[in-house]
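Written out below as structure tokens is the structure these notes cover.
The values are calculated or read from the model by the stated rules, or taken from the named source; none is laboratory data. Given the structure is predicted, the values throughout are model-derived calculations rather than measurements. Glycine also receives a Cβ, built like all others from the backbone with ideal geometry; neighbour counts cover every protein chain displayed. Only protein heavy atoms, including side chains, enter the accessible area calculation; ligands, DNA and RNA are left aside. Shrake-Rupley method; radii C 1.70, N 1.55, O 1.52, S 1.80 Å.
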Amino acid sequence: MTKKQIIFHVNYRGCKHEVTTYENEYRSLMALLYDKFYFEDFGDCKGIGRCGTCHVRVLTPSPVLSVRHGNETTTLGRMENVTESSRLSCQILINDAIEQMHFEIIDDDNPGLY
């Protein structure tokens with residue numbers, strides 16, 4: 001059985017990147033971003049939604065991706081630079097919901113760096 005290819009876009013350090021992956025190739029968007037764009041201090045809590053270091057903004061409106069899961073609401077509530085479209089990438093699964101979506105990686109320790 002062939003896995004479905006998924007393409008989405010990421011704004012990172014002022015550059016726009018097209019990312020190609022396959023459904024369930026990674027356990028979360030955080031794991032994929034860490035692997036593709038390795039940068040320090042990203043995903044410190046390893047995906048349980050408590051540290052906020054994997055903060056992203058969903059730039060493409062999506063009712064599916066606007067729903068926060070697990071510890072997201074509490075964690076994002078303690079952070080700065082949070083908007084309605086803020087999510088923790090560790091809580092976003094790699095599936096059809098991210099097809100052709102646009103994300104921006106947010107560095108809350110250094111606003112404007114990413």
Task: Accessible carbon and sulfur surface of the chain relative to its total accessible area, %, 1.4 Å - done: 49
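Using a 1.4 Å probe, what is the accessible area per residue for region 1-102, in Å²?
On the way: 5880 Å² over 102 residues.
Counting only protein heavy atoms, the per-residue value for region 1-102 is 58 Å².
Tally Lys and Arg at +1 and Asp and Glu at -1 over the other residues with C-beta under 15 Å from the C-beta of Glu99: what net charge comes out? If you can, show how the numbers build up before the last one.
Details: positive: Lys3, Lys4; negative: Glu18, Glu23, Glu25, Asp96.
Net charge in that neighbourhood comes out at -2.
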Task: Cβ crowding within 10 Å averaged over residues, with 64-74, 19-29 ranked highest first - done: 19-29, 64-74
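Gain in length, Val67 to Asn95, computed as 0.36 nm per residue apart minus the alpha-carbon separation, to one decimal in nm? Before the final figure, lay out each step's value.
On the way: separation 28, 0.36 × 28 = 10.08 nm, distance 1.51 nm.
Roughly 8.6 nm would be gained on extension.
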TODO: Among [x] 12, 28, 22, 15, 13, 8, 2, 0; [y] 13, 41, 30, 13, 2; [z] 15, 52, 31, 3, 0, find the value of P(r) over Cα pairs in 10 Å bins from 0, in percent that was calculated from the structure presented, and write down its label.
DONE: [z]
